[in-house]
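Novice: Sharing a structure, written as structure tokens. Questions coming.
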Amino acid sequence: MSDMNAQISSAVSGLTRELDIIANNLANISTVGYKRKCNTFSKILSAQESQQNSAGEAELKSAFDFSDGNFIQSGRTLDLALCGKGFFVVETAEGPLYTRNGSFDLNKNGQLVDSQGRTVAGANGPITIPQGISVSQINVASDGSITAGENIIGKLKIVDFKDKENELTAAGLNCYSAPKEVQPGKPENVIVKQGYLEGSNVQMVEELVDMIMVSRLYEANMKFLSVGSENTKSLINVAMG
Amino acid sequence: MLRAFSTAATGMSAQQMMVDVTANNLANINTSGFKRSQVDFQDLLYIKMREAGAEVSSGIKAPSGIEVGSGVRAGATQKVFTNGELINTGRNLDIAISGDGFLQVTMPDGTIKYTRDGALQLGPDGQLVTTTGYLIEPAITVPTGATNISIAPDGGVNVTTNSGTTIIGTIQLARFTNPSGLSSDGDNLLSDTEASGTATTGTPGADGFGTIQASFLEKSNVQMVTELVNLITAQRAYEVNSRTIKAGDDMLRNSIQIASV
């Protein structure tokens with residue numbers, strides 16, 4: 001009996017955490033460059049329950065889904081979207097961070113920065129737009145090289161983690177950080193699109209379906225628990241005469 | 001309590017902000033020189049329950065970690081400085097800037113502000129002023145007895161009097177390294193900030209500045225369809241976040257029912 005209670009309790013805590021993940025995905029449905037977290041716990045759990053093989057504790061995987069989001073045309077010169085696998089790099093005091101949010105700006109010195117004011121890395125150091133050149137004259141080619149008028153100013157640093165993508169951790173503010181042992185490599189088949197932003201890849205319907213599933217599984221587990229406690233009660237009654 | 005509640009609440013307030021910004025864009029769809037804003041959202045910090053690469057059993061490392069995010073916030077509202085459509089008004093004091101640059105406006109306290117709204121008027125003493133009555137910088141005064149005023153593409157203000165046509169001044173434009181960093185002060189005015197950098201001034205048509213189009217006004221760059229799509233998206237996203245709260249609430253109600261059996 002206590003064994004069953006332990007199983008239910010682990011299922012319930014897993015489902016609660018999955019609701020948290022779904023809530024975060026849905027909260028970020030309009031966040032540029034956001035990648036949804038997969039929520040597989042309830043699927044594993046329901047598969048187990050249908051097979052009558054209630055191992056109880058299913059592994060809660062929360063890997064990122066790095067598929068591309070929708071591309072939204074914004075028309076801003078400094079809005080850049082990455083089409084294909086890859087990340088922009090922003091420099092911070094704690095080392096480089098990786099992001100898919102290409103909504104950039106210039107600071108007062110003309111350096112390319114993200115919306116938090118962190119410097120965007122270029123292939124050869126930070127990218128500075130010379131004085132006297134206005135933002136509307138900046139042109140970003142599909143390989144990330146930046147020209148203003150006729151002068152080449154620099155090239156965006158774009159990296160890729162290939163199969164190591166899931167070792168990235170979310171650092172918040174649209175950025176990912178990589179553990180020390182994971183080194184980014186050169187991207188393949190990635191295209192920079194100027195004047196576009198990459199929308200979040202959260203699919204509302206999918207998340208809603210998962211949410212209903214979590215809700216129902218939670219309810220079912222609670223029913224088990226109440227049936228369990230009823231059984232215990234009657235067992236005790238029988239034993240005590 | 002469930003973390004999902006506060007996460008969904010951040011989502012709802014973010015969408016509310018999106019509706020606010022969209023509402024302001026739509027309200028200014030006919031405002032001359034208005035530039036639309038867009039909101040840039042950011043995910044909040046993550047609670048790490050297990051690091052990626054942590055050892056789960058001897059020699060086996062977890063391929064991915066367990067981290068749960070705590071919602072979303074608005075990171076920035078950016079002004080989009082694309083050019084609006086130029087509309088022929090036929091009024092000789094209406095000017096539009098075709099290309100880059102802002103008109104400079106002197107405030108009563110002497111500070112300079114910037115605008116793209118070129119519906120100029122004549123002040124009581126013949127000065128060129130904005131619709132609100134602020135002086136254009138550099139100050140240009142039209143002499144009494146002028147029969148015609150025309151503004152050239154390079155900003156030169158020509159006045160015809162009985163004694164012929166003379167140039168009485170040139171409109172100068174200002175430009176910023178980071179126009180998104182300008183702060184909006186209402187009345188179609190913008191002012192410089194730490195983030196925008198200081199203004200570089202110049203003559204229209206030179207050094208990459210736009211040219212002056214007389215008898216034209218620049219409409220706002222708000223596209224009704226885009227804003228309506230944003231509005232619908234924001235509304236639905238708000239709704240779906242409230243559903244999360246509902247689902248969390250159902251789960252809690254379930255647990256409470258069990259506890260009270």
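The values are calculated or read from the model by the stated rules, or taken from the named source; none is laboratory data. All figures in this text were calculated on a predicted structure; none of them were measured in a lab. A quick note on method: Cβ atoms are made from the backbone with ideal geometry, for glycine too, and the neighbour counts reach across all protein chains shown. Heads up: the accessible areas ignore ligands, DNA and RNA and are worked out on the full protein's heavy atoms, side chains in. Shrake-Rupley method; radii C 1.70, N 1.55, O 1.52, S 1.80 Å.
Novice: Within the range B:51-107, can you find the residues that are among the small types (Gly, Ala, Ser) and within 21 Å of the chain's Cα centre (by Cα)?
Specialist: The first filter runs over the range B:51-107 and keeps only residues among the small types (Gly, Ala, Ser), leaving B:52-54, B:57-59, B:62, B:64-65, B:69-71, B:74-76, B:84, B:90, B:96, B:98-99, B:101.
Those that are among the small types (Gly, Ala, Ser) and within 21 Å of the chain's Cα centre (by Cα): B:Ala74, B:Gly75, B:Ala76, B:Gly84, B:Ala96, B:Ser98, B:Gly99, B:Gly101.
Novice: In addition: Would you tally the residues in the range B:29-69 being hydroxyl-bearing (Ser, Thr, Tyr), more than 7 Å from every other protein chain (Cβ to nearest Cβ) and within 30 Å of A:Lys180 (Cα to Cα)? Explain how you work it out, then say what you get.
Specialist: Taking the range B:29-69 and keeping what is hydroxyl-bearing (Ser, Thr, Tyr), we get B:31-32, B:37, B:46, B:57-58, B:64.
Then keep just the ones that are more than 7 Å from every other protein chain (Cβ to nearest Cβ); that gives B:31-32, B:37, B:57-58.
In the following step, the residues that additionally are within 30 Å of A:Lys180 (Cα to Cα) were identified as B:57-58.
Summing the residues that are hydroxyl-bearing (Ser, Thr, Tyr), more than 7 Å from every other protein chain (Cβ to nearest Cβ) and within 30 Å of A:Lys180 (Cα to Cα) in the range B:29-69 gives 2.
Novice: With the checklist (1) within 11 Å of chain A (Cβ to nearest Cβ); (2) in contact with a strand residue (DSSP E or B) (Cβ under 6 Å, 6 or more places away or on another chain) in hand, flag the one item B:Ala259 doesn't pass.
Specialist: Of everything listed in (1) within 11 Å of chain A (Cβ to nearest Cβ); (2) in contact with a strand residue (DSSP E or B) (Cβ under 6 Å, 6 or more places away or on another chain), B:Ala259 misses just condition (2).
Novice: Within the range A:23-39, track down each residue that is facing chain B (nearest Cβ under 7 Å) and touching a residue at least 40 places away in the same chain (Cβ under 8 Å).
Specialist: From the range A:23-39, those facing chain B (nearest Cβ under 7 Å) are A:23-24, A:26-32, A:34; that's our starting set.
Within the range A:23-39, A:Leu26, A:Asn28, A:Ile29, A:Ser30, A:Thr31, A:Val32, A:Tyr34 meet the criteria.
Novice: For the range B:34-74, enumerate the residues that are within 30 Å of A:Gly117 (Cα to Cα), at pLDDT below 80 and of a type outside the set (D, E, K, R).
Specialist: Within the range B:34-74, B:Met49, B:Ala52, B:Ser64, B:Gly65, B:Ile66 qualify.
Novice: Same structure, new question: Any residue at all in the range B:119-142 that's in contact (Cβ under 8 Å) with a residue 60 or more places away in the chain and either under 22 Å from the mean Cα position of the chain (by Cα) or within 14 Å of chain A (Cβ to nearest Cβ) (or both)? It would help to see each step written out before you state the result.
Specialist: As a first pass, look at the range B:119-142 and keep what is in contact (Cβ under 8 Å) with a residue 60 or more places away in the chain: B:119.
Okay, now just the ones that are also either under 22 Å from the mean Cα position of the chain (by Cα) or within 14 Å of chain A (Cβ to nearest Cβ) (or both), so B:119.
Checked against the condition, which is being in contact (Cβ under 8 Å) with a residue 60 or more places away in the chain and either under 22 Å from the mean Cα position of the chain (by Cα) or within 14 Å of chain A (Cβ to nearest Cβ) (or both), the range B:119-142 yields at least one hit.
Novice: Does A:Met211 satisfy the condition of being at pLDDT 90 or above, touching a helix residue (DSSP H, G or I) at 6+ places or on another chain (Cβ under 8 Å) and of a type in the set (A, V, I, L, M, F, W, C)?
Specialist: yes
Novice: Now, a different point. Quick one: B:Asn162 ticks every box in (1) at pLDDT below 90; (2) away from chain A (no Cβ under 11 Å); (3) open to solvent by less than 40 Å² (accessible area, probe 1.4 Å) bar one, so which box is it?
Specialist: The one condition B:Asn162 does not meet is (3).
Novice: When you check B:Leu182 against the structure, is it buried (at least 16 other Cβ atoms within 10 Å of the Cβ) and either more than 17 Å from the chain's Cα centre (by Cα) or among the acidic types (Asp, Glu) (or both), yes or no? Step through it out loud before you land on a result.
Specialist: Values: buried (at least 16 other Cβ atoms within 10 Å of the Cβ): yes; either more than 17 Å from the chain's Cα centre (by Cα) or among the acidic types (Asp, Glu) (or both): no.
No; evaluated as a whole, the condition is false for this residue.
Novice: Among (1) touching a residue at least 12 places away in the same chain (Cβ under 8 Å); (2) surrounded by 13 or more Cβ atoms within 10 Å (Cβ to Cβ); (3) part of a helix (DSSP H, G or I), there is one condition A:Arg216 misses while meeting the rest; what is its number?
Specialist: (1)
Novice: A further question on this structure: In this structure, does A:Ile152 turn out to be free of Cβ contacts under 8 Å to residues at least 60 places away in the same chain, more than 17 Å from A:Phe64 (Cα to Cα), hydrophobic (A, V, I, L, M, F, W, C) and open to solvent by 60 Å² or more (accessible area, probe 1.4 Å)? Quick ask: steps written out before the conclusion?
Specialist: Working: free of Cβ contacts under 8 Å to residues at least 60 places away in the same chain: yes; more than 17 Å from A:Phe64 (Cα to Cα): yes; hydrophobic (A, V, I, L, M, F, W, C): yes; open to solvent by 60 Å² or more (accessible area, probe 1.4 Å): yes.
When the stated conditions are applied, A:Ile152 passes them.
Novice: Then there is this: Of everything in the range B:76-103 that's of a type outside the set (A, V, I, L, M), more than 11 Å from chain A (Cβ to nearest Cβ) and open to solvent by 20 Å² or more (accessible area, probe 1.4 Å), which residue is nearest to A:Gly149 (Cα to Cα)?
Specialist: Top of the filtered list is B:Ser98.
Novice: Go through A:Ser145, A:Ser177 for me and flag whichever is in contact with a Lys or Arg (Cβ under 8 Å, 6 or more places away or on another chain) and of a type in the set (Ser, Thr, Tyr).
Specialist: Numbers: A:Ser177 fails: in contact with a Lys or Arg (Cβ under 8 Å, 6 or more places away or on another chain).
Among A:Ser145, A:Ser177, only A:Ser145 is in contact with a Lys or Arg (Cβ under 8 Å, 6 or more places away or on another chain) and of a type in the set (Ser, Thr, Tyr).
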